[in-house]
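Step one of this worksheet: look at the structure below.
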Amino acid sequence: MGTYALPARKQPGDRTLRCLNCFKRLEIPPAAKIFTCPKCGVEYEIGRRAGQAKILGTVHYFDD
Ligand SMILES: [Zn+2]
């Protein structure tokens, strides 16, 4: 099903995301719906897909 250039690595229960603003690795608690980056303070709306945390959008973002 589809061709991927990179081999698919299995990471069951991967709960880490990268902050879109400062690229810090964020560990998302399993039940979190909102997560604030401890480094830059951007708030993310968190969703789940196939057990993996995903950033749905930004709740609060500092423009400049
Ligand atoms: Zn950040």
Mean separation of Cα pairs under 8 Å and 6+ residues apart, divided by the residue count of region 16-60: what relative contact order is that in percent?
29
What does the extension gain come out to for ARG49 and ARG15, with contour length at 0.36 nm per residue minus their alpha carbon separation?
11.1 nm
Pair ARG25, THR58: separation of 7 Å Cα→Cβ label points (nm)
2.4
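No lab work stands behind these numbers, since they all come straight from the coordinates. Note that this is a predicted model, so its numbers are computed, not measured. Here Cβ is always computed from backbone atoms with ideal geometry, including for glycine, and neighbour counts include all displayed protein chains.
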